[in-house]
Amino acid sequence: MGDGVFYKILNEHLVDGALSPGTEIGIKIDQTLTQDATGTMAYLQFEAMDIPRVKTELSVSYVDHNTIQMGFENPDDHRYLQTMNAGYGIYYSRAGNGICHQVHLERFGRPGATLLGSDSHTPTGGGIGMIAIGAGGLDVAVAMGGGPFYLTCPKVVNIHLSGKLRPWVAAKDIILTVLKILTTKGNVGTVIEYTGPGVATLSVPERATITNMGAELGVTTSIFPSDDVTRQFLRAQKREGAWRELLPDADAAYDRVIELDLATLAPMVACPHSPDNVKAVSELQGMKIDQVAVGSCTNSSYKDLKTIAEIMKGKKVHANVSFIVAPGSRQVFEMIARDGALADLIASGARIMESACGFCIGAGQAPQTGGISLRTNNRNFEGRSGTKSGQVYLVSPETAALSALRGELTDPMGCPESGYPLIAMPESFIIDDSMILPPSNTKMAIFRGPNIGDPPYTDPLADSLHGVIGLKVGDKITTDHIMPAGSRLIYRSNIPKYAEYVFENVDSSFAARSLENKKKGVYTAIVGGASYGQGSSREHAAICPMYLGVRIVIAKSFERIHSNNLINFGILPLVFINESDYDVMRQEQHFSVQNLAELVGKSDRIPMTIGDRTFEFSLLATKRQREILRDGGLLNYTRRRI
């Protein structure tokens, strides 16, 4: 049996372990990326390792999250990043240059390379034929220092594409259809590989939309082959030399094959409050809307914005709709400005935002109370928009633009095919990398503002722990639930301050209670349901609870990145052996566990006394991860070995 594209690249980068699904492997990382909301802590951790310069082929630090700069905290972070990056061999993409995933695809992505990013939507790079994986910032810091990235060797699901999309059906509708099939749960340890004749009908930006939002499936990553379409995109970016052909073998074996005929797909919409709550747009057509937002790393390419500009040309946004457009990169922004598309959008009544994450992460453009917001981004978790009662629906740019004109959710299939704007990919993009600052050959003074602290350390694992169940939550707890984004992101460099907001929108007293218990030597455990920790890669959802004294999280199942982050910061992710035990556990019950360091070193089962009963839980951790837990986290583990 032959190999698919994913395993071909994996074979080239394997440095530890064997390619047997379900076992732990270590791979060499060629490129890394960070963004400013996760990057500051990642670089503080890299400094703590005392490594003089990054050892990767390429590492890029992007500023795209906290660009509104309402106070000193964010500009201080950005100056720290610029001055630190220069002396350590890291490229620095300035605020305004664009969203990390869009810019990296345009200017740095390389077929056949491995990319590790401190953002869960790093798999966007799979659209260009890379193994691109999201991880916590500490994992990225270790990779920058030359260390392997460890992951569970995944099984591969092949989505075999045939046919061609009909007019008014978009790449967004493909990934929403896949989410409807596979959902957000149960896909840990899986990779999605797209193959088939339908692949050749999709441009690189369309492929990137699909791999980007594949993150919502909970998979390790998604990947497309590198073919002549990829070559044409890189040629237009003046980077044809980075191209290599990467196709699956004719007899490539996959763990599962899903057939998808693109010609049969229809416009889809993800309804509140989960990306897998997917319905056909036709089912909800006519629903009144208050806001439409086009942008984010999912749908902000030149093709996306040129398409909506053609739809809006000569028309006006409905009087009851606020229409927001955010180009994904400065390259896209300049190109639509020079070819007139930007003028058409402005004339229609669109509000033009900076090339940044913006509304997607709740940094501005919150909808009104109870407002219905159509967005082209990738997540619609409750409260993520900045309005707790906001109802966010995820759609394609085409559906978004047509709905903005009518003031109601509109099924594009009701429009004539002759009216569909056929936007060809440019033969040449505008190339201006002046806002990407190359590293320096010499160290410079590093700026450290008052909001920038030191990375927190944990003590080695104690032989016994006692404490209290500080919180019991249900299924699908996201990292947004654990660590709120939006206005709270200004504290990402200041762990004691940011920790005040742990679970703020779930139980506002949790942080204060936990910190008070910690001062008394009483640790905290959290009990959760299925898919605990889905969503963003933000390691602060592990760091800040650790700072508050959380040492154990018990759940029915964990999502990959968050489980790894918990281990990286010395928190045990324990899984229910009997899920019915979840029902009998109560918040405020006391727990104790003995011989913990010994058990973590050798046992898959951890007994705990909770209340007046003893329960057993599974510790799903590799030998290496057990050593990390015993050391008190990955930073301690790495420093000890350096």
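Values in this text are rule-based calculations from the coordinates and carry no lab data. A quick note: this is a predicted structure, and the numbers were derived from the prediction, not measured. Here Cβ is always computed from backbone atoms with ideal geometry, including for glycine, and neighbour counts include all displayed protein chains.
Taking the stretch 463-518 on its own, how many of its residues are under 13 Å from residue 544 (Cα atoms) and polar (S, T, N, Q)?
The qualifying residues number 4.
Taking the conditions exactly as written (surrounded by fewer than 21 Cβ atoms within 10 Å (Cβ to Cβ), charged (D, E, K, R) and part of a loop (DSSP other than H, G, I, E, B)), does residue 507 satisfy them or not?
In short, yes.
Test residue 283 against the stated conditions and say whether it is assigned to a helix (DSSP H, G or I), more than 30 Å from residue 183 (Cβ to Cβ) and among the charged types (D, E, K, R).
no
In the set 399, 458, which member is part of a loop (DSSP other than H, G, I, E, B), among the β-branched types (Val, Ile, Thr) and within 29 Å of the chain's Cα centre (by Cα)?
Being part of a loop (DSSP other than H, G, I, E, B), among the β-branched types (Val, Ile, Thr) and within 29 Å of the chain's Cα centre (by Cα) holds for just one of 399, 458, which is 458.
State the number of residues belonging to the stretch 388-408 that are buried (at least 24 other Cβ atoms within 10 Å of the Cβ) and polar (S, T, N, Q).
Selection size over the stretch 388-408: 3.
Starting from residues that are more than 16 Å from the chain's Cα centre (by Cα), of a type outside the set (A, V, I, L, M, F, W, C) and assigned to a loop (DSSP other than H, G, I, E, B), keep the ones in the stretch 538-563 and report whichever is surrounded by the fewest Cβ atoms within 10 Å (Cβ to Cβ).
Among residues in the stretch 538-563 that are more than 16 Å from the chain's Cα centre (by Cα), of a type outside the set (A, V, I, L, M, F, W, C) and assigned to a loop (DSSP other than H, G, I, E, B), the one surrounded by the fewest Cβ atoms within 10 Å (Cβ to Cβ) is 556.
Quick one: is residue 309 farther than 18 Å from residue 169 by Cα and of a type in the set (A, V, I, L, M, F, W, C)?
So residue 309 fails the test.
Find the residue count for the stretch 54-74, including only residues that are within 11 Å of residue 89 (Cα to Cα), touching a Gly at 6+ places or on another chain (Cβ under 8 Å) and of a type in the set (Val, Ile, Thr).
The qualifying residues number 2.
Here's the yes/no breakdown for (1) among the hydrophobic types (A, V, I, L, M, F, W, C); (2) within 22 Å of the chain's Cα centre (by Cα); (3) outside any strand (DSSP E or B):
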residue	(1), (2), (3)
132	yes, yes, no
138	yes, yes, yes
142	yes, yes, yes
160	no, no, no
177	no, yes, yes
181	yes, yes, yes
188	yes, yes, yes
200	yes, no, yes
209	no, yes, yes
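Check 600, 584 and return the single one that is surrounded by fewer than 22 Cβ atoms within 10 Å (Cβ to Cβ), out of contact with any Ser or Thr (no Cβ under 6 Å at 6 or more places or on another chain) and closer than 17 Å to residue 464 by Cβ.
Selected residue: 600, the only one of 600, 584 that is surrounded by fewer than 22 Cβ atoms within 10 Å (Cβ to Cβ), out of contact with any Ser or Thr (no Cβ under 6 Å at 6 or more places or on another chain) and closer than 17 Å to residue 464 by Cβ.
Every residue in the stretch 161-201 that is in contact with a helix residue (DSSP H, G or I) (Cβ under 8 Å, 6 or more places away or on another chain), over 17 Å from residue 534 (Cβ atoms) and without any contact (Cβ under 8 Å) to a residue 40 or more places away in the chain, please.
194, 199, 200
For a quick check of your reading: which strands (runs of 3 or more DSSP E) sit entirely within the stretch 1-71 and have at least 3 residues that are not aliphatic (A, V, I, L, M)?
31-35, 58-62
Pick out the one residue from 355, 373, 322, 385 that is surrounded by fewer than 21 Cβ atoms within 10 Å (Cβ to Cβ), within 30 Å of residue 483 (Cβ to Cβ) and of a type in the set (S, T, N, Q).
None of the others qualify; the one that does is 322.
How many residues are closer than 16 Å to residue 42 by Cβ and part of a helix (DSSP H, G or I) when one looks only at the stretch 119-130?
Count: 1.
Has the stretch 252-261 got at least one residue that is in contact (Cβ under 8 Å) with a residue 24 or more places away in the chain and in contact with a helix residue (DSSP H, G or I) (Cβ under 6 Å, 6 or more places away or on another chain)?
Among the residues of the stretch 252-261, not one is in contact (Cβ under 8 Å) with a residue 24 or more places away in the chain and in contact with a helix residue (DSSP H, G or I) (Cβ under 6 Å, 6 or more places away or on another chain), which makes the answer no.
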